[in-house]
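Below is one structure; the comments refer to it alone.
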Amino acid sequence: MTTLKINEAIVKHLNSLNLTISTCESMTGGMVANSLVQVENASKCFIGGFVSYSAFSKAKFAKVKQETI
């Protein structure tokens, strides 16, 4: 199964259950969010995404514990 097919299945499933999704990414640099928004009707379930790359922004904005970073 290709990445697009997986993302299509995720979006379809979320929409069928009237659920939403959002992302908080670091090393992927927003690629997860990008792959979801490539799918038709993703705007019905995708709320938005946040990319936090530095240790400072992970702790400050994403509330990741320093010992986790």
Just how large is the dipole of the chain about the Cα centre, in debye to the nearest 20, putting +1 at every Lys and Arg Cβ and -1 at every Asp and Glu Cβ?
-> 180
Computed over the chain, protein heavy atoms only, probe 1.4 angstrom, the accessible area per residue in square angstrom equals 75
If you keep only loop residues by DSSP, which GluC sites (Glu not before Pro) in the range 3-53 have at most 14 other Cβ atoms within 10 Å of their Cβ?
-> E40
To the nearest 10 degrees, how steep is helix 3-16 against the longest Cα principal axis of the chain, on a 0 to 90 scale?
-> 80
Name the residue farthest towards the positive end of the dipole of the chain from the options A59, I21, N7, assuming +1 on Cβ of Lys and Arg, -1 on Cβ of Asp and Glu, about the Cα centre.
-> A59
Within the accessible area of the range 6-69 (1.4 Å probe), percent carbon and sulfur | 59
What is the P(r) of the chain, as percent of Cα-Cα pairs per 10 Å bin from 0?
-> 21, 42, 26, 11
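The values are calculated or read from the model by the stated rules, or taken from the named source; none is laboratory data. Only a predicted model underlies this, so the values are computations on that prediction, with no experimental measurement involved. Neighbour counts are summed over all protein chains in view; Cβ atoms, including those assigned to glycine, are modelled from backbone coordinates with ideal geometry. Only protein heavy atoms, including side chains, enter the accessible area calculation; ligands, DNA and RNA are left aside. Shrake-Rupley method; radii C 1.70, N 1.55, O 1.52, S 1.80 Å.
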